[in-house]
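Note sheet for the following structure.
The values are calculated or read from the model by the stated rules, or taken from the named source; none is laboratory data. Keep in mind it's a predicted model, so treat the numbers as computed, not measured. All Cβ positions, even for glycine, are placed from backbone atoms using ideal geometry, and neighbour counts span all protein chains on display. Keep in mind that these areas ignore ligands, DNA and RNA; they rest on the heavy atoms of the full protein, side chains included. Shrake-Rupley method; radii C 1.70, N 1.55, O 1.52, S 1.80 Å.
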Amino acid sequence: MAEDLSIIKGDKEAQYVSLIPQIKALLEGETDLVANLANIAAALKEQFGWFWVGFYWVKNDELVLGPFQGPVACTRIRKRRGVCGTSWAEAKTLIVPDVEKFPGHIACSSLSKSEIVVPIIRNGEVLGVLDVDASELDQFDEVDQRYLEEIVKLVSGEW
Ligand code: SME
């Protein structure tokens, strides 16, 4: 496993195309979930420089904070609460261009302005979510959705 990433500039799609094989290489041969989630969060943060990148995992019917990169964050989120709890309840990716316009958004930091939350699904069950926050408005679109959904499949085992 290579422990350093090759970071490229260029358009967003090219950045994902460069990053995904590197994430696959980081995960190869490693079965520990926390180790793999930690490296995915770090790789995404390093390539894209987003404000906050991390995972929440379903435990006892709550989302509990998992590996992340960025400022400290809320530790527990209930189902249907905030963007994360809604993504979990609906088992679908949510793109929020302006977090202040999302009813019930949980503001872990006032610096977060836009967000994408991708559920991690195995056999129809949501195991957790990947949450990415940006400090500017409207930073996420279908390109992020497509590639982040591909990335989380690497930990759900459903790729
Ligand atoms: N904003 C999220 C909470 C998690 S933090 O952004 C890290 C939400 O509304 O679910």
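For the list (1) crowded, with 19+ Cβ neighbours inside 10 Å; (2) of a type in the set (A, V, I, L, M); (3) part of a strand (DSSP E or B), I need the number of the one condition that residue 26 fails. For residue 26, the failing item is (3).
Please indicate, with yes or no, whether at least one residue in the stretch 76-93 is assigned to a loop (DSSP other than H, G, I, E, B), modelled with pLDDT of 95 or more, charged (D, E, K, R) and near the ligand (Cβ under 10 Å from one of its atoms).
Yes, that holds for at least one residue.
Among the residues of this structure, residue 111 does not count as one that is within 12 Å of the ligand (Cβ to nearest atom), open to solvent by less than 10 Å² (accessible area, probe 1.4 Å) and either closer than 19 Å to residue 18 by Cβ or of a type outside the set (Phe, Trp, Tyr) (or both).
Being part of a loop (DSSP other than H, G, I, E, B) and either touching a helix residue (DSSP H, G or I) at 6+ places or on another chain (Cβ under 9 Å) or closer than 18 Å to residue 63 by Cα (or both) is the filter here; which residues of the stretch 110-122 pass it? Scanning the stretch 110-122 gives 112, 113.
Within the stretch 1-29, residues that are under 14 Å from residue 49 (Cβ atoms) reach partners that are of a type in the set (D, E, K, R) and at pLDDT 95 or above with beta carbons closer than 6 Å, at six or more positions or on different chains, in the pairs 5/46. From 149, 136, 100, grab the single residue that is in a loop (DSSP other than H, G, I, E, B) and of a type in the set (Asp, Glu). Being in a loop (DSSP other than H, G, I, E, B) and of a type in the set (Asp, Glu) holds for just one of 149, 136, 100, which is 136. Of 152, 143, 117, all but one fail to be surrounded by 13 or more Cβ atoms within 10 Å (Cβ to Cβ), within 15 Å of the ligand (Cβ to nearest atom) and aliphatic (A, V, I, L, M); the exception is 117. From the set of residues in the stretch 36-71 that are away from the ligand (no atom under 12 Å from the Cβ) and of a type in the set (A, V, I, L, M), which is surrounded by the most Cβ atoms within 10 Å (Cβ to Cβ)? If we take residues in the stretch 36-71 being away from the ligand (no atom under 12 Å from the Cβ) and of a type in the set (A, V, I, L, M), then 40 is surrounded by the most Cβ atoms within 10 Å (Cβ to Cβ).
Search the stretch 120-130 for residues being of a type in the set (Val, Ile, Thr) and buried (at least 24 other Cβ atoms within 10 Å of the Cβ), and hand back the single one that is nearest to residue 54 (Cα to Cα).
The selected residue is 129.
Here is a check on your reading of the model: is residue 134 touching a residue at least 60 places away in the same chain (Cβ under 8 Å) and within 11 Å of the ligand (Cβ to nearest atom)? When the stated conditions are applied, residue 134 passes them. Considering the conditions (1) within 25 Å of residue 143 (Cα to Cα); (2) surrounded by fewer than 17 Cβ atoms within 10 Å (Cβ to Cβ), residue 93 is excluded by exactly one of them, (2).
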